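Asker: Sharing a structure below in C-alpha coordinates format, with a few things to ask.
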Number of protein chains: 2
Amino acid sequence: MNFRADITVMPHRALLDPQGKAVTASMGNIGLPEIENVRIGKHIQLDIVADSREEAEAKVKTACDKLLANPIMEVYEFTLAELESVA
Amino acid sequence: MNFRADITVMPHRALLDPQGKAVTASMGNIGLPEIENVRIGKHIQLDIVADSREEAEAKVKTACDKLLANPIMEVYEFTLAELESVA
(Lines give C-alpha, C1' and ligand atoms only; values in the text may rest on other atoms or scores of the structure.)
Protein backbone atom coordinates (compact mmCIF):
# COMPACT_ATOMS: atom_id res chain seq x y z
CA MET A 1 0.00 0.00 0.00
CA ASN A 2 1.17 3.50 -0.83
CA PHE A 3 0.56 6.43 1.44
CA ARG A 4 1.27 10.13 1.25
CA ALA A 5 2.10 11.88 4.50
CA ASP A 6 1.71 15.63 5.05
CA ILE A 7 3.78 16.70 8.03
CA THR A 8 3.76 20.10 9.71
CA VAL A 9 6.68 20.96 11.98
CA MET A 10 6.32 24.15 14.04
CA PRO A 11 8.45 25.79 16.73
CA HIS A 12 7.09 25.22 20.24
CA ARG A 13 4.59 27.89 21.33
CA ALA A 14 6.77 28.71 24.33
CA LEU A 15 9.87 29.41 22.24
CA LEU A 16 10.81 32.60 20.48
CA ASP A 17 10.55 32.32 16.71
CA PRO A 18 13.00 34.95 15.41
CA GLN A 19 12.15 34.31 11.75
CA GLY A 20 8.46 34.77 12.52
CA LYS A 21 9.17 37.94 14.51
CA ALA A 22 11.11 39.40 11.58
CA VAL A 23 8.30 38.59 9.16
CA THR A 24 5.71 40.08 11.55
CA ALA A 25 7.70 43.32 11.56
CA SER A 26 7.94 43.28 7.74
CA MET A 27 4.16 43.02 7.44
CA GLY A 28 3.89 46.64 8.63
CA ASN A 29 6.29 47.72 5.90
CA ILE A 30 4.19 46.22 3.12
CA GLY A 31 1.02 47.85 4.44
CA LEU A 32 -0.40 44.93 6.40
CA PRO A 33 -0.10 45.89 10.08
CA GLU A 34 -3.26 43.84 10.75
CA ILE A 35 -1.15 40.68 10.48
CA GLU A 36 0.42 39.58 13.75
CA ASN A 37 1.94 36.60 15.54
CA VAL A 38 3.57 35.12 12.46
CA ARG A 39 5.18 31.76 13.21
CA ILE A 40 7.18 29.89 10.63
CA GLY A 41 7.77 26.18 10.47
CA LYS A 42 8.24 23.47 7.89
CA HIS A 43 5.86 21.50 5.76
CA ILE A 44 7.07 18.14 4.54
CA GLN A 45 5.36 15.85 2.05
CA LEU A 46 6.54 12.31 1.45
CA ASP A 47 5.45 8.99 -0.02
CA ILE A 48 5.75 5.77 1.92
CA VAL A 49 5.22 2.10 1.16
CA ALA A 50 3.80 0.01 4.02
CA ASP A 51 1.66 -3.05 4.61
CA SER A 52 -0.90 -1.18 6.67
CA ARG A 53 -1.89 2.29 7.81
CA GLU A 54 -0.54 1.51 11.30
CA GLU A 55 2.85 0.57 9.90
CA ALA A 56 2.95 3.71 7.76
CA GLU A 57 2.08 5.85 10.80
CA ALA A 58 4.83 4.24 12.86
CA LYS A 59 7.38 4.86 10.09
CA VAL A 60 6.41 8.49 9.67
CA LYS A 61 6.69 8.96 13.45
CA THR A 62 10.18 7.43 13.38
CA ALA A 63 11.21 9.67 10.49
CA CYS A 64 9.94 12.76 12.35
CA ASP A 65 11.62 11.85 15.63
CA LYS A 66 14.93 10.87 14.10
CA LEU A 67 15.33 13.27 11.21
CA LEU A 68 12.59 15.74 10.36
CA ALA A 69 11.85 17.46 13.67
CA ASN A 70 13.89 18.47 16.69
CA PRO A 71 11.70 17.43 19.64
CA ILE A 72 13.43 19.91 21.97
CA MET A 73 12.39 22.89 19.89
CA GLU A 74 9.61 21.72 17.62
CA VAL A 75 6.26 19.97 17.61
CA TYR A 76 4.94 18.03 14.65
CA GLU A 77 1.66 16.64 13.44
CA PHE A 78 0.84 14.73 10.29
CA THR A 79 -1.96 13.35 8.18
CA LEU A 80 -1.74 10.18 6.13
CA ALA A 81 -3.68 9.53 2.93
CA GLU A 82 -3.72 6.29 0.97
CA LEU A 83 -2.67 6.73 -2.64
CA GLU A 84 -4.44 4.72 -5.29
CA SER A 85 -2.05 2.09 -6.50
CA VAL A 86 -1.40 2.02 -10.23
CA ALA A 87 -1.85 -1.74 -10.55
CA MET B 1 -13.03 39.88 13.64
CA ASN B 2 -9.93 37.84 14.31
CA PHE B 3 -8.78 35.09 12.02
CA ARG B 4 -5.97 32.60 12.07
CA ALA B 5 -4.44 31.63 8.74
CA ASP B 6 -2.51 28.41 8.12
CA ILE B 7 -0.43 28.75 4.99
CA THR B 8 1.51 26.00 3.25
CA VAL B 9 4.19 27.05 0.76
CA MET B 10 5.70 24.25 -1.33
CA PRO B 11 8.22 24.18 -4.20
CA HIS B 12 6.56 23.74 -7.62
CA ARG B 13 6.13 20.06 -8.60
CA ALA B 14 8.17 20.67 -11.75
CA LEU B 15 11.17 22.05 -9.88
CA LEU B 16 13.98 20.15 -8.25
CA ASP B 17 13.85 20.31 -4.47
CA PRO B 18 17.47 19.74 -3.39
CA GLN B 19 16.65 19.81 0.33
CA GLY B 20 13.96 17.19 -0.20
CA LYS B 21 16.33 15.06 -2.32
CA ALA B 22 18.93 15.16 0.46
CA VAL B 23 16.38 14.13 3.07
CA THR B 24 15.09 11.32 0.82
CA ALA B 25 18.65 9.97 0.61
CA SER B 26 19.05 10.22 4.40
CA MET B 27 15.93 8.14 4.96
CA GLY B 28 17.83 5.09 3.71
CA ASN B 29 20.58 5.76 6.25
CA ILE B 30 18.18 5.72 9.19
CA GLY B 31 16.60 2.47 8.07
CA LEU B 32 13.56 3.86 6.27
CA PRO B 33 14.15 3.19 2.55
CA GLU B 34 10.35 2.87 2.16
CA ILE B 35 10.11 6.67 2.33
CA GLU B 36 10.46 8.44 -1.00
CA ASN B 37 9.71 11.66 -2.82
CA VAL B 38 10.33 13.90 0.16
CA ARG B 39 9.50 17.53 -0.61
CA ILE B 40 10.12 20.29 1.87
CA GLY B 41 8.33 23.61 2.07
CA LYS B 42 7.22 26.10 4.68
CA HIS B 43 4.27 26.24 7.02
CA ILE B 44 3.27 29.69 8.22
CA GLN B 45 0.70 30.50 10.86
CA LEU B 46 -0.48 34.06 11.47
CA ASP B 47 -3.26 36.06 13.09
CA ILE B 48 -5.12 38.74 11.21
CA VAL B 49 -7.71 41.35 12.10
CA ALA B 50 -10.28 42.08 9.38
CA ASP B 51 -13.90 43.20 9.01
CA SER B 52 -14.93 40.10 7.09
CA ARG B 53 -13.67 36.73 5.93
CA GLU B 54 -13.33 38.09 2.39
CA GLU B 55 -11.13 40.94 3.59
CA ALA B 56 -8.98 38.54 5.63
CA GLU B 57 -8.58 36.25 2.61
CA ALA B 58 -7.53 39.16 0.41
CA LYS B 59 -4.96 40.27 2.98
CA VAL B 60 -3.46 36.81 3.39
CA LYS B 61 -3.23 36.54 -0.42
CA THR B 62 -1.39 39.87 -0.55
CA ALA B 63 0.99 38.78 2.21
CA CYS B 64 1.74 35.52 0.36
CA ASP B 65 2.28 37.20 -3.01
CA LYS B 66 4.41 40.04 -1.67
CA LEU B 67 6.38 38.43 1.13
CA LEU B 68 5.79 34.81 2.09
CA ALA B 69 6.02 32.92 -1.19
CA ASN B 70 8.06 33.30 -4.36
CA PRO B 71 5.49 32.72 -7.14
CA ILE B 72 8.21 31.76 -9.64
CA MET B 73 9.35 28.81 -7.55
CA GLU B 74 6.59 28.09 -5.06
CA VAL B 75 2.87 27.45 -4.81
CA TYR B 76 0.87 28.24 -1.72
CA GLU B 77 -2.51 27.37 -0.25
CA PHE B 78 -4.10 28.45 2.99
CA THR B 79 -7.02 27.90 5.32
CA LEU B 80 -8.64 30.60 7.41
CA ALA B 81 -10.37 30.01 10.75
CA GLU B 82 -12.22 32.59 12.79
CA LEU B 83 -10.87 32.96 16.31
CA GLU B 84 -13.30 33.52 19.15
CA SER B 85 -12.96 37.11 20.22
CA VAL B 86 -12.19 37.67 23.88
CA ALA B 87 -14.80 40.41 24.35
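Asker: Run the 1.4 Å probe and let me know the accessible area of A:PHE78, rounded to the nearest 10 Å².
Answerer: About 60 Å², rounded to the nearest 10.
Asker: Between A:PRO71, A:LEU16, A:ILE44, whose Cα lies farthest towards the positive end of the dipole of chain A when Lys and Arg beta carbons carry +1 and Asp and Glu beta carbons carry -1, centred on the Cα centre?
Answerer: Farthest towards the positive end: A:LEU16.
Asker: Springs between alpha-carbon pairs under 10 angstrom, Gaussian network model over chain A: which of A:PRO18, A:PRO33, A:PRO71 fluctuates most?
Answerer: Its mean-square fluctuation being the largest, the pick is A:PRO33.
Asker: At 0.36 nm per residue, minus the direct Cα-Cα distance, what do B:ILE72 and B:GLU55 gain on full extension? Give it in nm, one decimal, please. Kindly include the intermediate steps, with their values, before the conclusion.
Answerer: On the way: separation 17, 0.36 × 17 = 6.12 nm, distance 2.52 nm.
Length difference between fully extended and current span is 3.6 nm.
Asker: If you don't mind, another one. How many Å² of accessible surface get buried when B and A come together, counting both sides, probe radius 1.4 Å, rounded to the nearest 100? Don't skip to the end; give the middle numbers.
Answerer: Working: alone 6370 and 6360 Å², together 10030 Å².
Using a 1.4 Å probe on protein heavy atoms, the buried area is about 2700 Å².
Asker: Now for a separate question. How much of the accessible area of region B:1-74, probe 1.4 Å, is carbon plus sulfur, in whole percent? Write out the running numbers ahead of the final one.
Answerer: Numbers: 2090 of 3830 Å².
Of the solvent-accessible surface of region B:1-74, carbon and sulfur hold 55 percent.
Asker: Summarise the partner chain shielding of B:23-32 as one whole number: the mean count of Cβ atoms from other chains within 10 Å of each residue's Cβ. Don't skip to the answer; put the middle values down first.
Answerer: Numbers: counts 5, 2, 0, 4, 8, 0, 2, 5, 4, 8.
That works out to 4 on average.
Asker: Determine the per residue accessible area of the protein assembly as shown with all protein chains present and a 1.4 angstrom probe, expressed in square angstrom.
Answerer: Details: 10030 Å² over 174 residues.
So the protein assembly as shown comes to 58 Å² accessible per residue, rounded to a whole number.
Asker: Here is a follow-up. For region A:1-69, state which GluC sites (Glu not before Pro) are in a DSSP loop and have at most 10 other beta carbons lying within 10 Å of their beta carbon.
Answerer: none
Asker: Considering only Cα-Cα distances, which of the following residue pairs are longer than 19 Å: A:LYS21/A:LYS66; A:LYS21/B:LYS21; A:LYS42/A:LYS66; B:LYS21/B:LYS66?
Answerer: Values: A:LYS21/A:LYS66 28 Å; A:LYS21/B:LYS21 29 Å; A:LYS42/A:LYS66 16 Å; B:LYS21/B:LYS66 28 Å.
Beyond 19 Å between Cα atoms: A:LYS21/A:LYS66; A:LYS21/B:LYS21; B:LYS21/B:LYS66.
Asker: How large is the dipole of chain B about the Cα centre if only Lys and Arg carry +1 and Asp and Glu carry -1, each at its Cβ, rounded to the nearest 20 debye?
Answerer: Working: 9 positive and 14 negative charges, 80 e Å.
Charge dipole, chain B, about its Cα centre: 380 debye, nearest 20.
Asker: Round to the nearest 0.05 the FRET efficiency obtained for A:ASN37 and A:MET1 when R0 = 35 Å and r is the Cβ-Cβ distance.
Answerer: Numbers: r = 39 Å, r/R0 = 1.12.
It comes out at approximately 0.35.
Asker: Given a 10 angstrom Cα cut-off, can you work out which residue in B:ASN37, B:ASN70, B:ASN29 is the most mobile in a GNM of chain B?
Answerer: Among B:ASN37, B:ASN70, B:ASN29, the largest mean-square fluctuation in the Gaussian network model of chain B belongs to B:ASN29.
Asker: In debye, nearest 20, what is the charge dipole magnitude of the protein assembly as shown about its Cα centre with +1 on Lys and Arg Cβ and -1 on Asp and Glu Cβ, if you could check?
Answerer: Working: 18 positive and 28 negative charges, 130 e Å.
Computed about the Cα centre, the dipole is about 620 debye.
Asker: Calculate the mean, over all residues of peptide B:52-60, of how many other protein chain Cβ atoms lie within 10 angstrom of the residue's Cβ.
Answerer: Average neighbour count from other chains, rounded to a whole number: 1.
Asker: Under the classification rounded if a/c is under 1.5, otherwise prolate if a/b is larger than b/c and oblate if not, where does region B:2-83 fall, given a ≥ b ≥ c as square roots of the Cα gyration tensor eigenvalues? Could the numbers behind the result be given before it?
Answerer: Details: a/c = 4.17, a/b = 2.26, b/c = 1.84.
Taking the square roots of the gyration eigenvalues as a ≥ b ≥ c, region B:2-83 is prolate.
The values are calculated or read from the model by the stated rules, or taken from the named source; none is laboratory data. Please read these numbers as outputs of a predicted model, since none were measured by experiment. Neighbour counts run over all protein chains shown; Cβ positions are idealised from the backbone, glycine included. Accessible surface is based on the protein model in full, side chains and every heavy atom, while ligands, DNA and RNA are left aside. Shrake-Rupley method; radii C 1.70, N 1.55, O 1.52, S 1.80 Å.
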